[in-house]
Amino acid sequence: MDFHQLKQELLEYGAEVNIQKIGFASADTFDTLKQRLLVQQSLGYHSGFEKGSVEERTTPTKLLPKAQSIISIAIAYPSRMKDAPKSRKGDRRGFFARASWGKDYHDVLREKLRLLEEFLHEKVDGVATKAVVDTGELHDRAVAERAGVGFVGKNCALITEEYGSYVYLGELITNIPFEPDQPVEDGCGDCNICVDACPTDALVQGGQLNASRCIAFQTLTKSFLPDEFRSKLGNRIYGCDTCQLVCPKNKGMDFHLHEELEPDPELVKPRLIPLLTISNREFKDKFGYMAGSWRGKKPLQRNAIIALAHYRDETAVDTLNDLMHKDPRPVIRGTAAWAIGKIGTEEAKELIETAMEKETDEDVLIEMEKGLALTKQESAM
């Protein structure tokens, strides 16, 4: 079979089904990546959300035994929204990172990969394929870089010439010996803007991320947010875009090519106070189709409480006080107590001390003490 011709036909079909970029890579083991991942693990820089072992993440034949090539795809997503609602005093809003705008990108990518699989199965007898998105084992940025889709920048994002880093990535492992494309040269040069701009110094150096310090990672955790990150969170509810927003390669990059990826402004910039009391059913109905919902509502509500403290929103105190007394989740009760102290209204001290009289959870009591300490700071100012 003429695999060169098949490659061209696949590229044409990919354009027809609205895939922005397709590249082809060998299925050889990712030896350099393997060593880098082992170093990351030894330094404790991994997030814990990674799927599979280092071997599985760097050895395509572990996922498809007769793998000969990998097809890497990229679809572009928007970086700006129309008619974005304003966050105003008394009506404060949070923010979901751009990677959570619109329909969950995992579903969008899987559908595109399914179409490519069907195309190949119609063209080639005995073809074997394995689709992978970023919740799978394979390291999609490394695949995309090898396939010439773009280069991995100092912000650890895959940067394309045409769409910047505002692209979602997926890959299709196959037993077809497609000719690999040429990798793209690193385009960061001496630029170090993203490393300098990272709010928590999570970018240890260009291309190396301490995931446990990344704000995007911290917004996903379900326990109390460490104190050092609370002042850095701002109004982020899910994810962090800082290292993409400051990247010169992303200047002017804003593509609206997939209707299903268009943001609902009221959902990606949600009102903070209503988010605190939303039911499980309401949360699933409103936010369930978004990528940012996968950890459930608890981390998002904790982040919303911290955002209200960031704004020092006095109109939130009644709701926070109710949560501090009645919410069954210690993380929410404790964070609410801390936030009341941070907002620092005249009654804050009394509200916290009243709640402390019946509180039994040690971690919550620690947060209440922090809240009381904050009220003393406010009164001394």
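Cβ-Cβ below 9 Å, separation at least six or inter-chain, first residue in the stretch 93-112 and on the phi > 0 side of the Ramachandran plot, second among the β-branched types (Val, Ile, Thr) and surrounded by fewer than 22 Cβ atoms within 10 Å (Cβ to Cβ): which pairs?
So the pair list comes out as GLY102/VAL108.
Restricting to the stretch 265-293, what's the tally of residues that are in contact (Cβ under 8 Å) with a residue 12 or more places away in the chain and either surrounded by fewer than 18 Cβ atoms within 10 Å (Cβ to Cβ) or touching a Gly at 6+ places or on another chain (Cβ under 8 Å) (or both)?
15
Could you check, for the stretch 34-47, whether at least one of its residues is touching an Asp or Glu at 6+ places or on another chain (Cβ under 8 Å), assigned to a loop (DSSP other than H, G, I, E, B) and closer than 30 Å to GLU266 by Cβ?
No, there is no match, as no residue in the stretch 34-47 is touching an Asp or Glu at 6+ places or on another chain (Cβ under 8 Å), assigned to a loop (DSSP other than H, G, I, E, B) and closer than 30 Å to GLU266 by Cβ.
For the stretch 217-235, indicate whether the set of residues that are at pLDDT 95 or above, touching a Gly at 6+ places or on another chain (Cβ under 8 Å), crowded, with 18+ Cβ neighbours inside 10 Å and within 24 Å of VAL39 (Cα to Cα) is non-empty.
No: the stretch 217-235 contains no residue that is at pLDDT 95 or above, touching a Gly at 6+ places or on another chain (Cβ under 8 Å), crowded, with 18+ Cβ neighbours inside 10 Å and within 24 Å of VAL39 (Cα to Cα).
For the stretch 278-297, which residues satisfy the criterion of being of a type outside the set (Lys, Arg) and assigned to a loop (DSSP other than H, G, I, E, B)?
ILE278, SER279, GLY288, TYR289, MET290, TRP294, GLY296, listed by residue number.
Look at ILE22 and say whether it is among the β-branched types (Val, Ile, Thr), more than 20 Å from the chain's Cα centre (by Cα) and surrounded by 19 or more Cβ atoms within 10 Å (Cβ to Cβ). Show your work before the answer.
On the way: among the β-branched types (Val, Ile, Thr): yes; more than 20 Å from the chain's Cα centre (by Cα): yes; surrounded by 19 or more Cβ atoms within 10 Å (Cβ to Cβ): yes.
In short, yes.
Listed here are the residues, each with its yes/no results for (1) in contact with a helix residue (DSSP H, G or I) (Cβ under 6 Å, 6 or more places away or on another chain); (2) farther than 30 Å from TYR311 by Cβ; (3) without any contact (Cβ under 8 Å) to a residue 12 or more places away in the chain.
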{"site": "ASP31", "(1), (2), (3)": "no, yes, no"}
{"site": "VAL54", "(1), (2), (3)": "yes, yes, no"}
{"site": "ALA74", "(1), (2), (3)": "no, yes, no"}
{"site": "PRO85", "(1), (2), (3)": "yes, no, no"}
{"site": "ASP91", "(1), (2), (3)": "no, no, no"}
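In the set TYR163, TYR168, which member is crowded, with 17+ Cβ neighbours inside 10 Å, closer than 28 Å to TYR238 by Cα and under 17 Å from the mean Cα position of the chain (by Cα)?
Of TYR163, TYR168, the one residue that is crowded, with 17+ Cβ neighbours inside 10 Å, closer than 28 Å to TYR238 by Cα and under 17 Å from the mean Cα position of the chain (by Cα) is TYR168.
Here is a list: ALA147, ALA128. Which entry is surrounded by 20 or more Cβ atoms within 10 Å (Cβ to Cβ), in contact with a strand residue (DSSP E or B) (Cβ under 8 Å, 6 or more places away or on another chain) and farther than 30 Å from GLY288 by Cβ?
So the residue among ALA147, ALA128 that is surrounded by 20 or more Cβ atoms within 10 Å (Cβ to Cβ), in contact with a strand residue (DSSP E or B) (Cβ under 8 Å, 6 or more places away or on another chain) and farther than 30 Å from GLY288 by Cβ is ALA147.
Failed condition for GLU9, given (1) outside any loop (DSSP other than H, G, I, E, B); (2) charged (D, E, K, R); (3) out of contact with any helix residue (DSSP H, G or I) (no Cβ under 9 Å at 6 or more places or on another chain), with all others met?
GLU9 satisfies every listed condition except (3).
Sort out which residues of the stretch 194-204 are surrounded by fewer than 16 Cβ atoms within 10 Å (Cβ to Cβ) and touching a residue at least 24 places away in the same chain (Cβ under 8 Å), and write them in order of number.
Once the filter is applied, which keeps residues that are surrounded by fewer than 16 Cβ atoms within 10 Å (Cβ to Cβ) and touching a residue at least 24 places away in the same chain (Cβ under 8 Å), the stretch 194-204 yields ALA197, VAL204.
Taking into account only those residues within the stretch 322-355 that are more than 31 Å from the chain's Cα centre (by Cα) and not in a helix (DSSP H, G or I), which is nearest to LYS376 (Cα to Cα)?
Only one residue tops the list, namely GLY344.
What residue, of GLU350, GLU367, is more than 21 Å from GLU228 (Cβ to Cβ) and of a type outside the set (A, V, I, L, M)? I'd like the intermediate steps shown before the answer.
Numbers: GLU367 fails: more than 21 Å from GLU228 (Cβ to Cβ).
Unique residue meeting the criteria: GLU350.
The values are calculated or read from the model by the stated rules, or taken from the named source; none is laboratory data. All of these numbers come straight from a predicted model, not from anything done at the bench. Please note: Cβ atoms are built from the backbone with ideal geometry, for glycine as well, and neighbour counts cover all protein chains shown.
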